[in-house]
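What follows is a short report on a single structure.
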Amino acid sequence: QQQVKQSPQSLIVQKGGISIINCAYENTAFDYFPWYQQFPGKGPALLIAIRPDVSEKKEGRFTISFNKSAKQFSLHIMDSQPGDSATYFCAAPNDYKLSFGAGTTVTVRA
Amino acid sequence: DTGVSQNPRHKITKRGQNVTFRCDPISEHNRLYWYRQTLGQGPEFLTYFQNEAQLEKSRLLSDRFSAERPKGSFSTLEIQRTEQGDSAMYLCASSLRQGFSSGANVLTFGAGSRLTVL
């Protein structure tokens, strides 16, 4: 089984600030490590994903940093906007499925 | 819209009743997943289909739960003799994967079916 630990549980950031969410996984995997974004009443939507042989991936204001030796990866949201207020989940590959972290609720204050 | 469709979106039932949820995946996707999500938690894996074959079931899936995917198209998740602890959001996801070398196993989720057991 693949256990995923995500922190913090919640965070508040001012508009324009940086949000950082951390995840740790247990078992080495060779598939992609994704982050999902979920708004209230909606299903999770893929935000960004990284291959384990890459240390960083950037898409717009979202960046994943991956530390394979430490079995950790993090999501950085640069220039946070009120529309980024949502719950973010990291996930790790677990055979043919994904194991999810418990989520981080991000609130961006204008 | 060619996304993952789930019905009904909301279901309120009394304890002991049976409920059934339906998921229509993205048409070309060969993999279909059911997850359960409770308030403040991440999605928890329940079961997984590749085409019509149910390949894995979580120990979270008690005998009261059954899932099918006839002909490898839509899927149903039935809960018999519902209990209050079954109250949750039931999420369906699908993906297209032809091997680890062919790219990310990207799961596309539906909006979920919220179950409330009174």
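The values are calculated or read from the model by the stated rules, or taken from the named source; none is laboratory data. Every value quoted in this text rests on a predicted model; they were computed, and no experiment measured them. All Cβ positions, even for glycine, are placed from backbone atoms using ideal geometry, and neighbour counts span all protein chains on display. Please note that ligands, DNA and RNA were not included when accessible areas were found on the heavy atoms of the full protein model with its side chains. Shrake-Rupley method; radii C 1.70, N 1.55, O 1.52, S 1.80 Å.
Only aspartates and glutamates eight or more places from B:Lys11 in sequence, or on another chain, were considered; those with a Cα closer than 17 Å are B:Glu78, B:Glu83, B:Asp86.
What's the average, rounded to a whole number, of partner chain beta-carbon atoms within 10 Å of each residue's beta-carbon in A:46-59?
Values: counts 5, 0, 0, 4, 1, 2, 0, 0, 0, 0, 0, 0, 0, 0.
If you average over the peptide's residues, the count of other-chain Cβ atoms is 1.
Placing B:His10, B:His29 in order of accessible area, with the largest value first and a 1.4 Å probe, yields B:His10, B:His29. Pair-distance distribution of the protein assembly as shown: all C-alpha pairs, bin width 5 Å, starting at 0; shares per bin in whole percent are 1, 7, 15, 18, 19, 16, 12, 8, 4, 1, 0. Counting only protein heavy atoms and a 1.4 Å probe, chain B has 51 square angstrom of accessible area per residue.
Under the rule a/c < 1.5 gives rounded, and otherwise a/b versus b/c splits prolate from oblate, where does chain B land using the Cα gyration tensor? Before the final figure, lay out each step's value.
Values: a/c = 1.84, a/b = 1.77, b/c = 1.04.
It comes out prolate by the Cα gyration axes.
Here, chain A has an Rg and a Dmax of 13.2, 41 Å when only alpha carbons are counted.
Distance check, please: which entries in A:Lys68/B:Lys57; A:Lys5/A:Lys58; A:Lys5/A:Lys57; A:Lys42/A:Lys71; A:Lys42/B:Lys57 exceed 26 angstrom between their Cα atoms? Exceeds cut-off: A:Lys68/B:Lys57; A:Lys42/A:Lys71. When the Cα positions of B:Cys23, B:His10, A:Phe33 are compared along the charge dipole of the protein assembly as shown, B:His10 comes out farthest toward the positive end, with charges on each C-beta of Lys, Arg, Asp and Glu.
Near the amide H of A:Asn94, within less than 5 Å, lie the amide hydrogens of A:Ser99, all on another chain or at least 5 residues away, with H placed in the peptide plane. Both radii come from the Cα set of segment B:15-74: Rg as radius of gyration, Rh as Kirkwood radius; their ratio Rg/Rh reads 0.98. Mean per-residue shielding of peptide B:39-51 is 4, counting Cβ atoms of other chains within 10 Å of each Cβ.
Could you work out the relative contact order of chain B, using alpha carbon pairs under 8 angstrom and six or more residues apart, expressed as a whole percent?
36 percent
Per residue, the solvent-accessible area of chain A (1.4 Å probe, heavy atoms of protein chains only, all protein chains present) comes to 48 Å².
Net charge dipole, chain B: roughly 300 debye, given to the nearest 20, about the Cα centre with Cβ charges of +1 for Lys and Arg and -1 for Asp and Glu. Take each residue of peptide A:34-43, count the partner chain Cβ atoms within 10 Å of its Cβ, and average: the result is 4.
For the protein assembly as shown, give the percent of accessible area contributed by carbon and sulfur heavy atoms, probe 1.4 Å, rounded to a whole number. Can you show the working numbers first?
On the way: 5300 of 11360 Å².
Taking all protein chains in place, the protein assembly as shown shows 47 percent carbon and sulfur surface.
Of the peptides A:40-47, A:66-73, the ranking by mean beta-carbon count within 10 Å, highest at the top, reads A:40-47, A:66-73.
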